Each structure stands twice: as C-alpha cells, then as structure tokens.
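In what follows, a single structure is set out as structure tokens and then discussed.
The values are calculated or read from the model by the stated rules, or taken from the named source; none is laboratory data. What you see is a predicted model, and the numbers here were worked out from it, not measured in a lab. Note: ideal-geometry Cβ built from the backbone for every residue, glycine included; neighbour counts use all protein chains shown. Accessible surface is based on the protein model in full, side chains and every heavy atom, while ligands, DNA and RNA are left aside. Shrake-Rupley method; radii C 1.70, N 1.55, O 1.52, S 1.80 Å.
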Amino acid sequence: MDDIIIIGAGTAGLTAAIYGQRAGLSCRIFERYAPGGQIVNSPTIENYPGMYGVSGYDYSMALFDQAQKCGAAVEFAEVTGIDFSGENKKVITTAGDFEAKAVIIANGAARRKIGCKGEEEFEGRGVSYCATCDGNFFRGKTVAVVGGGESAFEEAEYLAKICDKVYLIHRRDVFTAAKTAVDSLVRNKNVTILKNSVIEEIKGSSAVSSIVLKNRANQSTAEIPLSAVFVAIGLSPDNGIYKDAVKLDEQGYFDAAEDCKTGVEGVFVAGDTRKKQLRQLVTAASDGAAAATAAADYIRKKFGK
Ligand code: NAP
C-alpha cells in the first residue's frame, strides 16, 4: 500500500508528488490522459516565475520527469470511484483498486461547453476544444474561436498563423485576457473580433460548414460560413464521483481553504479543482506543496511514519 495516492498529473498533482516523496512518503499518481494537464497545450508560458518562453509541453515533461526522479510511481489509468470511509483510503481505477493512507485529489477541471445546437453533434468533426491538437486539420481554412479569456486569445493567435481567417467570438465587450494578449492578436490582419456575440447554432452535414451568430447588442443574427469552431470558454469542475464523500461548493469545486484540507480525514485537494480566486500554474504548484505537506503531517500523526 502506498502512503499517498495523487489523482491527476497536472502541475498541482506533480508538485504534490515531489513534496510527498521528499517528505519520505511513497506517492502513486493516477493520470487518465497525458502528464501536464491544461498547460500542455499552451505554446509558451510567460507568467510562471523563472520559466519565461518555455512551451507548455516542455514544462510539463520537465515537471513529470522531476516527479519521477523523486521516486513517484505513475499509473496511466482513470479513477472511476472512491471509498474514503475507512482508515485506508480506497481508489477504484481502470487499472484496478488501490489503497493509500492519504489521497490528494488534483484532477483539475474539464473544458466548459457552449451548450448550443450542433456543438455535441459536430464534436470531432469541426468542433474542437484544443487548437494545438486539431488546428492543423484546418490549415488554410476559416475558423472561429469562442471566448474572451487567456485560452481563447492563445488559441486564436496560434490559429491565425495557420488558418486563412479567424473570428474571435466573445459574448461581452470586455475581455478577461491580459491586454498584451489582446494587443498581440489584433495585429494579425486575418483576425476579426466579434464582441457581444454568441453562437446560436453550429451547422453542417458531415462536418461543420457554418455558424449562426447572434449579436446580443441589437439581437440581429447572421450565418457565417466556416470549417471549425474552437471552444475556449474556460473550465468547469468534474467532481461527480466525489460528491457524496467530500464537500463541494455550489459550482462543484471542492470546498477547501488554502490548507487544502477537505474536512474528510486523510483527503486533501490541490489545484484548479479547489474553490479559489486565481487558477494559475503558480497557484496550482502552491496547492500541490500545501496538500502534500498537510498529508505528510496527517500520516505522521495518524500512522506514526
Ligand atoms: P477564463 O479565464 O475563465 O475565461 C473564460 C472566457 O469564456 C470568458 O471570456 C467568459 O466570458 C467566456 N465564457 C464563459 N462561459 C461562456 C459561455 N457559456 N459562452 C460563451 N462564452 C463563455 O478561461 P480560460 O481562458 O480557459 O482560462 C482559465 C484559467 O487559466 C484562467 O485563470 C487563465 O488566466 C489561465 N490561463 C493562463 C494562461 C497563460 O497564462 N498562458 C493560458 C491559458 C489559461 P465572460 O468574461 O463573459 O464570463
């Protein structure tokens, strides 16, 4: 049995593994996709101390390597259930059932969906949630990016380099992205920003061929021909399997404070999955350190290790 099971190999989970291993505890990380979490798709990191200009992929691999060099074990498997009722915490995964003295949940958050007609139908056929993954399929084509945050501007900037035309569609007239990102995007001649606009429908036959856009300021609608819609409207928590065991807030994030304690003995949370003001790499790393330190303290007191 391991000392700590860590759910998620993003910045929070991998940092927790580094701190846990360095505290002399055995850590086993579960990751269903690839290590790195959301940042793996970012072309460059500019706001993590000491990491200016490093790609999200390179950063993720370096962090993953660091956690493994510290001795953390990794399982590429999905966590499908939990039982936190006993002294030993049980985690049910697609690779079998595992137990540990403590669990750190660092499962991040899932991509939010628009919820408009056609979005689900055309997912994978012109509706995408990752420009760096799927952008190349639409090289030389007209595409749209939905959102007004950092992710939307990053995706639009990336697509502007390879697509013929890019629409950035945002539901309000102010952006949450940094001014530098906005200034940089508008310098691309092939980018058109459509504010106060929402997609009512994504249309097509075998693949996306157009969108119906509504202007919220004057209620007018227009159909725009294009080949792809990249949705970058933020994240929402995906904590359904924990809801009966651990307290969530009204939005579904774990209701835990900066100490990363959930209120359930031996269960801690770290990163974007926790209720918090600022979801950034640096706050995810901070949570990982805090959660692992709290877990180590718990294990020392409870099990005398
Ligand atoms: P975000 O900052 O939460 O922005 C989400 C955007 O989508 C907002 O413009 C929001 O509009 C819009 N939106 C939300 N729900 C919508 C809906 N149903 N329909 C249409 N639009 C909708 O999300 P994010 O850009 O993914 O960023 C997530 C976090 O990661 C942030 O903390 C961000 O700073 C960070 N991040 C950092 C970097 C970097 O530093 N390199 C890169 C990517 C992400 P409203 O403004 O109207 O709510």
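Annotations
- With kT/(6 pi eta Rh) evaluated at 37 °C and eta = 0.692 mPa s, and Rh the Kirkwood radius from Cα pairs, region 113-231 diffuses with a coefficient of 236 µm²/s according to Stokes-Einstein.
- Candidates LYS89, LYS179, LYS276: whichever shows maximal mean-square fluctuation once the chain is modelled as a Gaussian network with Cα springs under 10 Å: LYS179
- Where labels lie 7 Å past Cα in the beta-carbon direction, separation of LYS305 and ASP259 in nm: 2.1 nm
- Gyration tensor (alpha-carbon) shape descriptor, region 200-305, a/c threshold 1.5: prolate
- Anisotropy class of region 42-109 from Cα gyration tensor, a/c 1.5 cut: prolate
- GNM flexibility winner over the chain from SER236, SER60, SER85 (Cα, springs under 10 Å): SER85
- The alpha-carbon of LYS275 sits under 21 angstrom from the alpha-carbons of these lysines, leaving out residues fewer than 8 places away in its chain: LYS113, LYS243, LYS247, LYS261.
- Each of ALA34 and LYS243 was given a label point 7 Å from its Cα along the Cα-to-Cβ line. The distance between the two points is 3.1 nm.
- GNM top mover of PHE64, PHE153, PHE98 - the chain, alpha-carbon springs below 10 Å: PHE98
- Cysteines not pairable in the chain (beta carbon separation under 4.7 Å absent): CYS27, CYS70, CYS116, CYS163, CYS260
- Note on the chain: Kirkwood hydrodynamic radius from all Cα pairs is 20.5 Å, rounded to one decimal.
- Net length gained if the chain between CYS133 and ASN88 were fully extended (0.36 nm per residue, minus Cα distance): 12.3 nm
- Beta bridges per DSSP with both ends in the chain, % antiparallel, nearest 5: 45 percent
- Rounded accessible area of LYS305 (nearest 10 Å², 1.4 Å probe): 110 Å²
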